Amino acid sequence: MSTAILTGLPPVGSSLEDDLRSLGFDVRAAADAAGTAAALAAVPAAERVALVDARFVGHLHALRLALTDPRFPAAAVEGALTAQPEARGALTRALATVTDADPGENLPDVLAPRLEADGVGVHRPDLGVLVATVPADADVRAKAEGDVAAVDDEAVRLRAAVKSRDGFFTTYCVSPYSRYLARWCARRGLTPNQVTTASLLTALIAAGCAATGTRPGFVAAGVLLILSFVLDCTDGQLARYSLQYSTLGAWLDATFDRAKEYAYYAGLAVGAAHGGGSDDVWALALGAMVLQTCRHVVDFSFNEANHDATANTSPTAALSDKLDSVGWTVWARRMIVLPIGERWALIAVLTALTTPRTVFYVLLVGCALAACYTTAGRVLRSLTRKAHRTDRAARALADLADSGPIAELAAKAAARRPGGGATAPVLALAGAGLLLVQLWWHPEPGWWPVLGAGLYALFAGAAVARPLKGPLDWLVPPVFRAAEYLTILALAAHSGGSGALPAAFGLVAAVAYHHYDTVYRIRGGSGAPPHWLVRAIGGHEGRVLAVTIAAALWHNQGFTIALTALAVALALAVLSESIRFWVSSGAPAVHDETGEPA
């Protein structure tokens, strides 16, 4: 429950009380600042409280934006102020300083800057054409009421439900109608998490249809995959439309996207094996998952490295910003990276019309070109910008590196040596190169890959021995991801054991979930997963060593069993801790508003 305190006397005919009740507030009245302080003291400390000047004139959605968004400890527009429980103490202290204020004073506007002076961040939503004001007299009030009547706040609310920056397919083929589906869901009391879950279930049914290996099954899978994406857009639009943001919702929305796509890859692989041609495309499915996950890690690492960089100047970035504001180049640049909308549309159409092998070939080529384009651009930006990266950025990159006990010991040894020498990306690439060259020279299971894994662990430790503040240090986490995932893929492909590739697919999926979970915790401001978990699952270098040793010890079916056991153990460890954290954590409510390709 939330409580709104009306300060002052409302004009005759005002609908303000009804508006506040429609937003879920229990409304109380206070004649002056002293009465407001007394009313505030009577509100339970665990409740959100809002102070609204009784003379307020404005759109209902302006009040909604200011008073109900759960992401901010305090927020304000002219004539209205809200404080979450964590900001209640500052509000009480601020109110104590104005108890003798003029009864005609706009109390919320007086208190907002005092909250900021007390260290509380006060969010001030961008209202655009919406009205929120406290008129000084009857003439000004009449004009303000006319301005309110001239703007349809429901239309504004619907437009604002759609991300301002999104892909071409999403913007023109989904959002024009999914926003109305979001409103339909809101009016029936559905939550974003329920819509997110419906999207997941739809995608899983699509994967099941693809697994039949029949043409009708492939057509149904394509249709259901598009429907799942529509629901995926709807959940975010519903969250923005109704301001139902939550920590759990942000996590579900992000992780379910990956679960849906990778489950669909598995469905296609099963369908190819069950089809008339009995085509084995598990290696292609695993390759697509590896490529897509590494693309995401490049995105995440680059963004974290530059999240709070200072003196951030780059001619490449300036050119990019210019292209992002010029006509057709905006959409061309957004489409070339194959964001989730374009990618899923491509997969759906190809599934319905072609074969799983064709789907994966086109997907691998398209995603590889997109990865080259985005990575090259980010490398150029990093080399041409003059920026001082912060300790926070270095810590985030170290967390994304996912180093285990072996790399930590190697890092301590490397840190004792004098500085200088090779940079972190060079060391990471050298270790990954030695590992992958060993796998290429000795594709059959044996002890040579174990030697490569040992050298990789030493180089990986040396790469993170010092803070990752160099211009290209954001490349270290994606290099580690590629090395680990490709090692599993190569060993499974050459093991000769039945079911090795599906087992490897499951293992990479479990490890990738851990890496995505790390990203979303950092994005939400909660830090990386606990260090004991990272150590318990070995870190990237420990898992590489474990898989290469398993391949050397057990051949054929034994290696398949080892991969399966490792996948199950990892999945249980990371999922149980992740679910515990996201369900019970006190992390702030967040939602993705970046429009970055997924």
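Between helix 247-274 and the chain there is an angle of about 30 degrees, using the helix long axis and the longest principal axis of the Cα atoms.
Ranking M289, M335, M1 from most to least accessible surface, computed with a 1.4 Å probe over the protein chains only, gives M1, M335, M289. The lysine pair tally for the chain, using Cα distances under 25 Å and a gap of 8 or more places or different chains, is 5. Could you give the angle, 0 to 90 degrees to the nearest 10, between helix 33-42's Cα long axis and the longest principal axis of the Cα atoms of the chain? The two axes meet at around 50 degrees. When DSSP beta bridges are restricted to pairs lying wholly in region 54-147, around 75% turn out antiparallel. One quarter of the surface of the convex hull around the alpha-carbon atoms of region 175-254 equals 5.3 nm², the direction-averaged projected area. Taking all protein chains together and rolling a 1.4 Å probe, I488 ends up with roughly 10 Å² accessible. Give the carbon-plus-sulfur fraction of the accessible surface of region 125-194 in %, rounded to a whole number; probe 1.4 Å, heavy atoms of protein chains only. So the carbon and sulfur contribution to the accessible surface is 55 percent. If Rh is defined by the Kirkwood formula over all Cα pairs and Rg also comes from Cα, what ratio Rg/Rh do you get for region 423-545? With Rg and the Kirkwood Rh in hand, the quotient comes to 0.98. Assuming charge only on the beta carbon of Lys and Arg (+1) and of Asp and Glu (-1), the dipole of the chain about its Cα centre is about 1700 debye to the nearest 20.
Close amide H pairs (under 5 Å, H built 1.01 Å from N) link Y245 with no residue at least 5 positions away or on another chain.
On the protein heavy atoms, probe 1.4 angstrom, tell me the percent of accessible surface of region 469-582 carried by carbon and sulfur. Result for region 469-582: 72 percent of the exposed heavy-atom area is carbon or sulfur.
Beta bridges assigned by DSSP with both partners in the chain are antiparallel in approximately 45 percent of cases. Looking at region 138-190, the accessible area is 58 square angstrom per residue; that uses a 1.4 Å probe and ignores ligands, DNA and RNA. By the Cα gyration tensor, region 1-154 has an equivalent ellipsoid whose semi-axes, rounded to whole angstrom, run 23, 17, 14 from largest to smallest. The mean of 1/r over all distinct Cα pairs in the chain, once inverted, gives the Kirkwood hydrodynamic radius of 26.6 Å. Taking 0.36 nm per residue of separation and subtracting the current Cα-Cα distance, fully stretching the chain between T384 and T197 would add 63.0 nm. With each label modelled as a point 7 angstrom along the Cα→C-beta vector, the S164-S498 pair spans 5.8 nm. In this view, the solvent-accessible surface of K469, computed with a 1.4 Å probe and all protein chains in place, comes to about 80 Å². Per-residue extension of 0.36 nm, minus the Cα-Cα distance of W447 and E154, leaves a gain of 98.8 nm for this segment. Two decimals is fine: what is log10 I(q)/I(0) at q = 0.10, 0.21, 0.23 Å⁻¹ for region 380-475, from a Debye sum with one equal scatterer on every Cα and no solvent? Per q value, in the given order, log10 I(q)/I(0) is -0.30, -1.04, -1.16. If I take R0 = 51 Å and measure r between the Cβ atoms of T214 and A142 in this structure, what FRET efficiency does the formula 1/(1 + (r/R0)^6) give, to the nearest 0.05? That gives a FRET efficiency of 0.15. Normalising by residue count, region 475-552 has a Cα convex hull of 85 Å³ per residue. The modelled label-to-label distance between V437 and L575, using points 7 Å beyond Cα along the C-beta direction, is 4.0 nm.
On a 0 to 90 degree scale, rounded to 10, what angle separates helix 356-384 from the longest Cα axis of the chain? Helix 356-384 sits at roughly 70 degrees to that axis. Sort out the exposed loop GluC sites (Glu not before Pro) in the chain (DSSP loop, at most 16 other Cβ within 10 Å) and tell me the longest stretch that has none. Free of exposed loop sites, the longest segment is 106-592.
When you count the other C-beta atoms within 10 angstrom of each residue and take the mean per peptide, 3-9, 233-239 line up highest first as 233-239, 3-9.
Residues in region 450-598 average 35 Å² of solvent-accessible surface per residue, probe 1.4 Å, ligands and nucleic acids excluded.
Stretching the chain fully between V568 and A368 yields a gain of 69.0 nm (0.36 nm per residue, less the alpha carbon separation). Would you calculate a helix-derived [θ] at 222 nm for the chain, using -39,500 (n - 2.57) for each DSSP H run of n ≥ 4 and dividing by the full residue count, to the nearest 500? When only DSSP H runs of four or more count, the value is -21500 deg cm²/dmol. For A29, the residues whose modelled amide H falls within less than 5 Å of its own, excluding neighbours fewer than 5 places apart on the same chain, are L6.
Shape of region 323-383 from its Cα gyration tensor (a ≥ b ≥ c, root eigenvalues): rounded if a/c is under 1.5, otherwise prolate when a/b > b/c, or oblate? Since a/c reaches 1.5 but b/c is at least a/b, the shape of region 323-383 is classed as oblate. Heavy-atom accessible area, probed at 1.4 angstrom with all protein chains present, ranks T564, T82, T390 as T564, T390, T82, highest first.
The values are calculated or read from the model by the stated rules, or taken from the named source; none is laboratory data. Because the structure is predicted, anything quoted here is derived from the model rather than measured. Because the Cβ atoms are built from the backbone with ideal geometry, glycine has one as well, and the counts that use them run over all protein chains shown. Areas reflect the complete protein model, heavy atoms only, side chains present, ligands, DNA and RNA absent. Shrake-Rupley method; radii C 1.70, N 1.55, O 1.52, S 1.80 Å.
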